[in-house]
Each structure stands twice: as C-alpha cells, then as structure tokens.
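Remarks on the structure that follows.
The values are calculated or read from the model by the stated rules, or taken from the named source; none is laboratory data. It should be emphasised that the depicted structure is a prediction, and the values quoted were computed from it without experimental measurement. Cβ coordinates were reconstructed from backbone atoms using ideal geometry, including for glycine residues, and neighbour counts include every protein chain displayed. Areas reflect the complete protein model, heavy atoms only, side chains present, ligands, DNA and RNA absent. Shrake-Rupley method; radii C 1.70, N 1.55, O 1.52, S 1.80 Å.
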Amino acid sequence: MTSPFWRALHAAQGELDRLTPGRKSTVREHNIEGSPGTQIIPELYREGDYLINNKKRLDCFHGTDLRQLLDTLKVKNVVLMGINTNTCVLNTSFTAFNPRLPRSGARDCVASMYGDDLHVLGLQNVARCLAG
C-alpha cells in the first residue's frame, strides 16, 4: 500500500509531474518494495551489517530506528551516502546535525537523479548551513 504522501503526490501528478523540467517524473516508480532501486548492492553488504529497511520519508531518521541504533552502538560520527543529494541526503544531514552528531558527506558517494544543478544545490546547502 502506498503512503498518503505518495497517493497525494500521484493525485497532483498533472501539475507536479517533475522536479526537473523536460524530464519525466519517477514518482510512480519510486521506492516500490522489491524494485532494483530498493535493493542493497551485494558488494556493499557484509555479514554482521545492520539493516534498517523501513525508511518512508526523505529523512533516514524519521520513523526508523536509526537514531536508537546509533546511540546503542555509541556511534560518534556518520558518513552520508546516497541519492538524492537535494532531498534525502540533505534532510538526513540536517537531522544528524540537530543533536550535533558529527557527520560528513562523501561527495563521491552522493548524486541526484534530478540533475547536477540540484545535486550541487544540496551539497552547497549542507556546506553553508552545517559547515559540512
């Protein structure tokens, strides 16, 4: 079942059909369980890794056990990697910053499927607002 957020976004599809002018929206195919975009790249997974797979929002902390896991493991620093720099990486970076959890963003490990302009915007926003 799709969340109310995604249902509303689908309903507004005609007017909010894309984030990048001239590019077809990917919202209808976004984060569908079992789709290739939701799978862990096998080469990145190691025995004993922790997996939190219930992310439903742009922020990896919101509605997940990530904060509790980091606190339990006494994690002092986080490195952010992922897609999209201008949405998920950006939101997660701000939430990680709120309790002053030191974090960094691996510039080579983030991207935006909405274009280089929004990728750069996300990187610059984090760097300027959070001194990241």
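Give Arg57, Arg67 a once-over and let me know the one that is open to solvent by less than 100 Å² (accessible area, probe 1.4 Å), of a type in the set (D, E, K, R), assigned to a helix (DSSP H, G or I) and at pLDDT 75 or above. Quick ask: steps written out before the conclusion?
Working: Arg57 fails: assigned to a helix (DSSP H, G or I).
None of the other options fit; the residue is Arg67.
Got a number for residues in region 39-54 being open to solvent by 70 Å² or more (accessible area, probe 1.4 Å), of a type outside the set (Ser, Thr, Tyr) and part of a loop (DSSP other than H, G, I, E, B)?
Of all residues in region 39-54, those open to solvent by 70 Å² or more (accessible area, probe 1.4 Å) come to 39-47, 50-51, 53.
Filter again for of a type outside the set (Ser, Thr, Tyr), leaving 39-44, 46-47, 51, 53.
Then keep just the ones that are part of a loop (DSSP other than H, G, I, E, B); that gives 39-41, 46-47, 51, 53.
Qualifying residue count, region 39-54: 7.
Please pick out the residue among Gly22, Gly82, Gly34, Gly14 that is modelled with pLDDT under 90 and either assigned to a helix (DSSP H, G or I) or within 21 Å of Leu123 (Cβ to Cβ) (or both).
On inspection, the qualifying residue turns out to be Gly82.
Look at Asp116 and say whether it is among the charged types (D, E, K, R) and at pLDDT 85 or above.
Yes.
Find the residue count for region 39-93, including only residues that are more than 18 Å from the chain's Cα centre (by Cα) and small (Gly, Ala, Ser).
Result for region 39-93: 1.
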